[in-house]
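Just so it is clear, none of the values below were taken in a lab; they were calculated from the coordinates. Everything quoted here is computed from the prediction, not taken from an experiment. Cβ sites come from the backbone with ideal geometry, for glycine too, and all protein chains shown count toward neighbours.
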Amino acid sequence: MMNEPISSIMTKDVITATPKTTLGEARQILFAKKIHHLPVVENDKLVGIITSYDLGNLEEDFSKIQDKSIESFMTTKIARLEPGDKIGSAAEVFLENMFHGLPIVDENDMLKGIITTHDVLMFLFDKEYPDHKINWRGGN
């Protein structure tokens, strides 16, 4: 079950930002799209990530820094996986690092998708209870 490829459950249509996106814009995107992870790309190449957790833990008064670009606030040392990696590999990274989302990239760091703990949980639930469909806020 956990040996299936990440590509089978990852979100492929990823909402992204650029390094020049402001903190205020990033916060608005996260809120409006009801997401927690915002990969930062330049020419489709992953260069960073900023999360709702990151924005919530800024020490400065947000109103004073909301016009600054996310470039100096984003995480640049990013754990990442490839589409062919196994779902179990994602679960292992989540558990070992207390992460909740991972960008999925190809061998050239081109962003291909994102996987979250929610994706893994929904996958496991669907496998265990194939006849029981739940109505969750993000989808079907």
| field | Label-point gap, in nm, between Asp61 and Lys133 - each point 7 angstrom along Cα→Cβ | value | 5.1 nm
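Please give the per residue volume of the convex hull enclosing the alpha carbon atoms of the chain, rounded to a whole number of Å³. Show your work: numbers first, answer last.
Numbers: hull volume 15.5 nm³, N = 140.
Given the Cα convex hull of the chain, per-residue volume reads 110 Å³.
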| Which part of the stretch 38-64 falls in the paramagnetic zone of Met98, meaning amide N under 19 Å from the point 7 Å along Cα-to-beta-carbon? | 50-59
| Lys112 long-range amide H proximity, modeled H, under 5 Å | Ile104, Val105, Asp106
| By how many degrees, 0 to 90 and rounded to 10, does the Cα axis of helix 87-97 deviate from the longest principal axis of the chain? | 50 degrees
| Residue list for the stretch 41-58, given a label point 7 angstrom along the Cα-to-Cβ vector of Thr76 and an amide N cut-off under 18 Å | 41-51
| query | lysines near Lys112 by alpha-carbon distance under 18 Å, same-chain residues fewer than 8 away left out - which ones? | reply | Lys12, Lys45, Lys77, Lys86
| said: I'd like the Karplus ³J(HN,Hα) series for the stretch 4-18: coefficients 6.51, -1.76, 1.60, θ = phi - 60°, whole numbers in Hz, and an x wherever there's a Gly or Pro. | reply: 6, x, 3, 4, 6, 10, 5, 7, 8, 8, 8, 7, 10, 10, 10
